[in-house]
Amino acid sequence: MWILYACGSALFAGITSILAKCGIRRTDSNVATAVRTIVVLLFAWIMVLVVGSGSQIGQIEGRTLLFLILSGLATGASWLCYFRALAIGDINKVVPIDKSSTVLTILLAFLFLHETISPVKAAGVALIAVGTFLMIEKKEGEKKPAGEAVSESGRRDKAPIFHGKSWFLYACGSAVFASLTSILGKIGITGVESNLGTAIRTGVVLVMAWVMVFATGKQKTVREIPPKELGFICLSGLATGGSWLCYYKALQEGPASVVVPIDKLSILVTVAFSWIVFRERLSLRSGLGLGLIVGGTMLMLF
């Protein structure tokens with residue numbers, strides 16, 4: 001049954017990326033993250049009320065609560081990095097890097113959760129790593145020298161060399177924190193009903209997201225969010241809520257080293273919708289990389 005939950009998580013996660021991309025075309029990524037987390041939190045607590053697990057809050061052990069909070073902090077950091085990367089980079093380049101957290105998660109699961117890495121699973125990890133590398137390619141048309149920007153007057157101005165690669169660094173940060181989220185979440189979710197655990201950690205993410213908004217002085221821009229983008233942000237929040245509820249239910253019942261790879265198959269949904277919505281087509285190299293990622297994931301399942 002946990003496999004079905006993991007597949008549901010992948011489906012909703014893939015949809016989330018597309019909806020979120022539509023919602024941050026003009027809206028600041030930190031503000032969008034903070035707003036959509038409100039939707040996720042409401043969705044999570046509605047599910048807690050539906051299953052009737054709210055009364056268990058007082059019974060949660062200190063260790064479980066600690067890891068839920070740490071998982072929420074890691075998730076918040078991952079989201080802030082991920083949606084910043086989506087705002088300034090191609091979705092077909094950002095998502096593969098984010099999904100490479102599978103490799104790190106499996107290594108961490110081996111070290112801290114003592115989950116075994118068989119030769120077949122190791123081969124799957126290698127394929128995912130190579131596939132991710134192939135999908136990270138320079139976008140056609142990017143011919144400006146690194147470290148230069150063109151001003152309105154037509155002259156070239158020096159810009160930080162870091163700027164052109166910032167989406168890559170944010171995407172890498174997203175992957176690292178996402179892997180930590182899975183491990184910390186696996187430990188924390190074992191001692192509490194999955195919907196309640198998801199609601200608690202979402203509250204931590206909400207606080208962290210709004211702290212970032214106020215720290216960057218962007219709180220006044222909340223009122224300036226275009227109605228259409230606000231709709232997409234809210235829809236992405238609902239999709240995220242569905243993904244999380246499925247994901248942590250799967251984590252609670254299944255091994256993290258298998259649940260996470262299934263969840264990362266959301267890249268198929270994302271790539272398909274990015275072609276339909278944004279007309280972002282895969283090159284031969286990227287298509288080969290996607291095939292290796294999927295093949296590596298399927299190897300790990302068997």
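Where a number appears in this text, it was derived from the coordinates with a stated rule and is not lab data. Since this is a predicted model, take the numbers as computed values, not measurements. All Cβ positions, even for glycine, are placed from backbone atoms using ideal geometry, and neighbour counts span all protein chains on display.
Points to keep in mind about this one:
- In the chain the Cα-Cα distances spread across 10 Å bins starting at 0 as 7, 27, 35, 23, 7, 2, 0 percent of all pairs.
- From the Kirkwood radius over Cα pairs of region 1-46, Stokes-Einstein at 25 °C and 0.890 mPa s returns a whole-number translational diffusion coefficient of 205 µm²/s.
- Proximal charge balance of Tyr248 [Cβ under 11 Å; K/R count +1, D/E count -1]: 0
- Per-residue [θ]222 nm for the chain (sum of -39500 (n - 2.57) over DSSP H runs n ≥ 4, rounded to 500): -25000 deg cm²/dmol
- Reciprocal mean inverse distance between Cα atoms of region 43-82 - Kirkwood radius, Å: 11.7
- Using the Karplus relation 6.51 cos²θ - 1.76 cosθ + 1.60 with θ = phi - 60°, the per-residue 3J(HN,Hα) values for region 67-82 come to 6, 5, 5, 4, 5, x, 5, 5, 5, x, 5, 5, 4, 4, 5, 5 Hz, with x marking Gly and Pro.
- Computed from the alpha carbon positions, the gyration tensor of region 1-109 leads to an equivalent ellipsoid with semi-axes of 27, 18, 15 Å, biggest first.
- Packing rank of 82-94, 63-75, where each peptide gets the mean count of other beta carbons within 10 Å, highest leading: 82-94, 63-75
- Principal axis dimensions, region 185-271 - Cα atoms, whole angstrom, descending: 43, 31, 19
- Taking label points 7 Å from Cα along the Cα-to-Cβ direction, Glu224 and Phe168 give a separation of 3.1 nm.
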